[in-house]
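Notes for the one structure printed next.
The values are calculated or read from the model by the stated rules, or taken from the named source; none is laboratory data. Being a predicted model, the structure only gives us computed values, none of them experimental. Here the Cβ positions follow ideal geometry from the backbone for every residue, glycine too, while neighbour counts run over all protein chains shown. Remember, those area values only see protein heavy atoms, side chains included, never the ligands or the DNA or RNA. Shrake-Rupley method; radii C 1.70, N 1.55, O 1.52, S 1.80 Å.
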Amino acid sequence: MKSVGDWTALASGIIRTVAFARALLSCQRGSVAIMLGVSLSVLLGMVGLGTEITFVIYKHRQMQSAADSAALGAATALARGYPVDYALEGKAIAGTAGFVNGVDGVTITVNKPPATGNNTANAGAVEVIVAQPQTLKLVSILSSAAFNVSARAVAIKGASGNYCILTTDTATASGMALSNGATINLNQCGAAVNASGSAAVSVIGGARLNTLSLSVKGQTTVSNGGVINATNGVLINQTVTADPYAAVAMPAVPAGCAFTNKSVTTTQTLNPGTYCSGLSISNSPTVTMNPGIYFIKQGSFSVAGGATVNGTGVTIVLTRNASTYATASFSNGATVTLSAPTTGATSGIVFFGDRAGPTTLTSTFAGGSTTRLTGAVYLPRQRVVYSNGTTTTATCTQLIAFRVSFTGGAAFNNNCGGAGTSAIGGSTANALVE
C-alpha cells in the first residue's frame with residue numbers, strides 16, 4: 001500500500017512534467033513539434049494520473065478529519081460513561097463524516113487501548129482507524145499495489161472529574177455528615193452533595209474535611225470544632241451533580257444460586273458466580289477473587305476477623321433474592337484490595353448496588369479495616385458509614401452513595417487514569433495525542 005507521502009512526491013513530479021510540456025509547446029522548432037506529438041498521449045495520461053493522486057490526497061484528508069472526530073467522540077463517551085458503547089459512538093461520528101462502517105468498502109476500527117503507537121498500555125486511550133479502498137484506473141496500469149487509503153487518530157479521555165464523592169439523595173436535608181473527630185482527606189478531588197437542606201453537609205464534633213472543592217445543593221453546617229478546608233472554596237445552592245454511571249446497565253442477575261450462605265475461613269480462591277444469602281470471609285484467611293462479576297443475592301458481602309482479600313478485574317453486585325437486598329461490611333482488621341475491570345460492561349465499578357433497592361440499607365467500613373478499592377463504590381440507593389479508623393489507600397477510589405457519614409478517618413484519591421472510571425462532575429478536556 002502506497003503512503004500519502006509517496007503520492008505527494010509523484011504528484012510533484014507530474015507538475016514538473018506538465019511545466020516541461022508547456023515549455024515544449026512554446027517552442028517553434030519542427031523536431032520539437034514531432035517529439036511533442038509522439039508524447040502527447042503520455043502527457044495526457046500523466047495529467048490524468050495527477051488528478052487521481054490529488055483525489056487520493058483529498059480523500060485521505062477527509063478520512064483524517066473523520067478519524068480525529070471519531071476518536072475524540074469515543075474518548076468523550078468513555079469519560080462520561082454515556083453512551084456505554086464508546087466504540088459505537090466513534091463509528092457513528094465517522095458515519096456522519098461520510099464514512100459508514102461496512103458501506104462502500106469502509107472499515108472503522110476502534111481499539112482501547114490502541115493496538116499500536118505510544119499509548120498501547122493506556123486504558124484511557126482510544127484509537128480509531130478509518131480505511132477505504134480507492135479505484136484508480138490510470139494508477140493501476142503503472143502499479144499493482146493495493147490502494148487502500150486509511151487514516152488513524154488516538155485520543156485520551158480527560159482525567160476523572162473534580163469529585164471523588166457524590167451523594168445522590170436530592171430530597172432530604174442531610175447528605176454528608178462528619179463527626180466524632182473524623183478527618184477526611186480528599187486528595188486532588190472534591191465532594192458533591194445533592195441534599196437540599198440547610199445542613200446538607202454537616203461537620204461537627206472536631207471533625208475535619210480536607211478537600212479540593214465542595215459543591216452542595218443546599219448549605220453547610222460547621223460547629224463544635226468542625227473544620228472545612230476547601231482549597232478551591234465551598235459552593236452552596238448549586239445545581240444537582242449528575243450520576244456518571246446512571247446510563248450503565250446493571251448486569252443481568254443469573255437465576256438460581258451457585259452458593260448459599262458461603263462462609264470462607266481458610267485460604268482459598270473464589271470464582272465469579274451467584275452467592276445467595278451472602279458471602280462471609282473471616283478468621284484470618286488469605287482469599288483471592290478471580291476476575292469477573294460476583295452476584296451477592298441477599299445477605300452481606302462481609303470481610304472481618306483479620307481476613308485478607310485480593311482481586312483484580314472484580315465487580316461485586318449487591319442485589320436481591322426474593323425481596324431482600326444485599327449490603328457490604330468490612331470490619332475487625334480486614335484488609336481488602338480489589339480493583340474494578342478497566343473494560344467491559346462494568347468498567348471502573350468495583351461495587352455495584354442494585355438501583356431497585358430501598359434507601360434504608362447501609363453498607364459499613366469499620367473496625368480498623370484497610371480497604372484499597374480501585375474504582376467506583378457505586379451504591380446510589382444505599383447509605384454508607386465509615387467508622388472506627390477505616391483506612392483507604394488506593395490511588396483511585398470513588399464513592400457514589402445515597403448518603404454518607406464519617407465517624408472515623410478515611411481518604412479518597414483521584415489518580416484514576418486508566419482505571420476505567422467515569423468522571424464525577426465533569427472532566428478535563430479530552431485530547432488528541434496521535
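Pairs, please: C-beta under 7 Å, at least 6 apart or cross-chain, first residue free of Cβ contacts under 8 Å to residues at least 24 places away in the same chain and in the stretch 300-312, second not basic (Lys, Arg)?
Matching pairs, first to second residue: none at all.
Which residue pairs have Cβ atoms closer than 8 Å, lie 6 or more positions apart in sequence or on different chains, and pair a first residue in the stretch 398-421 that is closer than 19 Å to Thr172 by Cα with a second residue that is among the basic types (Lys, Arg) and surrounded by fewer than 23 Cβ atoms within 10 Å (Cβ to Cβ)?
Once the first residue is closer than 19 Å to Thr172 by Cα and sits in the stretch 398-421, its partners that are among the basic types (Lys, Arg) and surrounded by fewer than 23 Cβ atoms within 10 Å (Cβ to Cβ) give Ala401/Arg383; Phe402/Arg381; Phe402/Arg383; Arg403/Arg383; Val404/Arg383; Ser405/Arg383.
Looking at (1) under 17 Å from Ala195 (Cβ atoms); (2) at pLDDT 95 or above; (3) of a type in the set (A, V, I, L, M, F, W, C), which is the one condition that is false for Ala258?
Result: Ala258 passes all but (1).
Only one of Thr343, Thr315 is over 16 Å from Val384 (Cβ atoms), open to solvent by 20 Å² or more (accessible area, probe 1.4 Å) and within 27 Å of the chain's Cα centre (by Cα). Can you tell me which? Before you say what the answer is, go through the steps one by one.
Values: Thr315 fails: open to solvent by 20 Å² or more (accessible area, probe 1.4 Å).
Result of the check over Thr343, Thr315: Thr343.
Filter the stretch 157-194 down to the residues that are modelled with pLDDT of 90 or more and of a type in the set (D, E, K, R) and list them by number.
If the condition is that a residue be modelled with pLDDT of 90 or more and of a type in the set (D, E, K, R), then Asp169 is the only one that fits.
Filter the stretch 58-75 for residues that are open to solvent by 30 Å² or more (accessible area, probe 1.4 Å) and modelled with pLDDT under 85; which is farthest from Ala423 (Cα to Cα)?
First, pick out the residues of the stretch 58-75 that are open to solvent by 30 Å² or more (accessible area, probe 1.4 Å): 58-62, 64-65, 68-69, 72.
Now restrict to residues that are modelled with pLDDT under 85: 58-60.
Values: Tyr58: 37, Lys59: 36, His60: 34 Å.
Among residues in the stretch 58-75 that are open to solvent by 30 Å² or more (accessible area, probe 1.4 Å) and modelled with pLDDT under 85, the one farthest from Ala423 (Cα to Cα) is Tyr58.
Counting only residues that are closer than 23 Å to Ser331 by Cα and not polar (S, T, N, Q), which one in the stretch 273-292 is surrounded by the most Cβ atoms within 10 Å (Cβ to Cβ)?
The extreme case among them is Leu279.
Counting only residues that are in contact (Cβ under 8 Å) with a residue 40 or more places away in the chain and closer than 20 Å to Phe402 by Cα, which one in the stretch 202-215 is surrounded by the fewest Cβ atoms within 10 Å (Cβ to Cβ)?
Step one: of the stretch 202-215, the residues in contact (Cβ under 8 Å) with a residue 40 or more places away in the chain are 207, 212-213, 215.
Imposing the further condition that a residue be closer than 20 Å to Phe402 by Cα reduces the set to 213, 215.
Details: Ser213: 18, Ser215: 23.
So, considering only residues that are in contact (Cβ under 8 Å) with a residue 40 or more places away in the chain and closer than 20 Å to Phe402 by Cα, the one surrounded by the fewest Cβ atoms within 10 Å (Cβ to Cβ) is Ser213.
So, in the stretch 184-201, of the ones that are small (Gly, Ala, Ser) and open to solvent by less than 20 Å² (accessible area, probe 1.4 Å), which residue ends up farthest from the chain's Cα centre (by Cα)? Walk me through how you get there before you give the answer.
Step one: filter the stretch 184-201 for residues small (Gly, Ala, Ser), giving 190-192, 195-200.
Keeping just the survivors that are open to solvent by less than 20 Å² (accessible area, probe 1.4 Å) gives 190-192, 195, 197, 200.
On the way: Gly190: 19, Ala191: 20, Ala192: 20, Ala195: 27, Gly197: 32, Ala200: 29 Å.
It comes out as Gly197.
Can you name the condition, by its number, that Thr393 falls short on among (1) touching a residue at least 60 places away in the same chain (Cβ under 8 Å); (2) over 23 Å from Val248 (Cβ atoms)?
For Thr393, the failing item is (1).
May I ask you to list the residues in the stretch 319-352 that are more than 21 Å from Ala125 (Cα to Cα) and not in a strand (DSSP E or B)?
Answer for the stretch 319-352, where residues must be more than 21 Å from Ala125 (Cα to Cα) and not in a strand (DSSP E or B): Ala322, Ser323, Ala326, Ser331, Asn332, Gly333, Ala334.
Pairs under 7 Å by beta carbon, first residue in contact (Cβ under 8 Å) with a residue 40 or more places away in the chain and of a type in the set (Asp, Glu) in the stretch 226-247, partner open to solvent by less than 70 Å² (accessible area, probe 1.4 Å) and not in a strand (DSSP E or B), six or more apart or different chains?
Asp243/Thr168
Check off (1) part of a loop (DSSP other than H, G, I, E, B); (2) charged (D, E, K, R); (3) within 16 Å of Gly409 (Cβ to Cβ) for Arg355 and give me the number that stays unchecked.
(3)
Only one of Gly299, Gly305, Gly225, Gly256 is farther than 22 Å from Gly348 by Cα and surrounded by 20 or more Cβ atoms within 10 Å (Cβ to Cβ); which? Break it down stepwise before answering.
Working: Gly305 fails: surrounded by 20 or more Cβ atoms within 10 Å (Cβ to Cβ); Gly225 fails: surrounded by 20 or more Cβ atoms within 10 Å (Cβ to Cβ); Gly256 fails: surrounded by 20 or more Cβ atoms within 10 Å (Cβ to Cβ).
Of the residues listed, the single one that is farther than 22 Å from Gly348 by Cα and surrounded by 20 or more Cβ atoms within 10 Å (Cβ to Cβ) is Gly299.
Take the residues in the stretch 102-116 that are touching a strand residue (DSSP E or B) at 6+ places or on another chain (Cβ under 8 Å) and over 10 Å from Ala131 (Cβ atoms), then tell me which one is least open to solvent (accessible area, probe 1.4 Å). Walk me through it before giving the result.
Taking the stretch 102-116 first, the residues touching a strand residue (DSSP E or B) at 6+ places or on another chain (Cβ under 8 Å) are 104-116.
Imposing the further condition that a residue be over 10 Å from Ala131 (Cβ atoms) reduces the set to 104, 110-116.
Details: Asp104: 125, Val110: 29, Asn111: 40, Lys112: 29, Pro113: 49, Pro114: 6, Ala115: 72, Thr116: 74 Å².
In this case the residue turns out to be Pro114.
When the residues of the stretch 318-337 are narrowed to those that are β-branched (Val, Ile, Thr) and either within 13 Å of Thr364 (Cα to Cα) or touching a residue at least 60 places away in the same chain (Cβ under 8 Å) (or both), which ends up most open to solvent (accessible area, probe 1.4 Å)? Before the answer, list the steps.
First, pick out the residues of the stretch 318-337 that are β-branched (Val, Ile, Thr): 319, 324, 327, 335-337.
Now restrict to residues that are either within 13 Å of Thr364 (Cα to Cα) or touching a residue at least 60 places away in the same chain (Cβ under 8 Å) (or both): 319, 327.
Details: Thr319: 3, Thr327: 26 Å².
Across the stretch 318-337, the extreme among qualifying residues is Thr327.
Out of the residues in the stretch 402-434 that are open to solvent by 20 Å² or more (accessible area, probe 1.4 Å) and modelled with pLDDT of 85 or more, state the one that is farthest from Asn388 (Cα to Cα).
Only one residue tops the list, namely Glu434.
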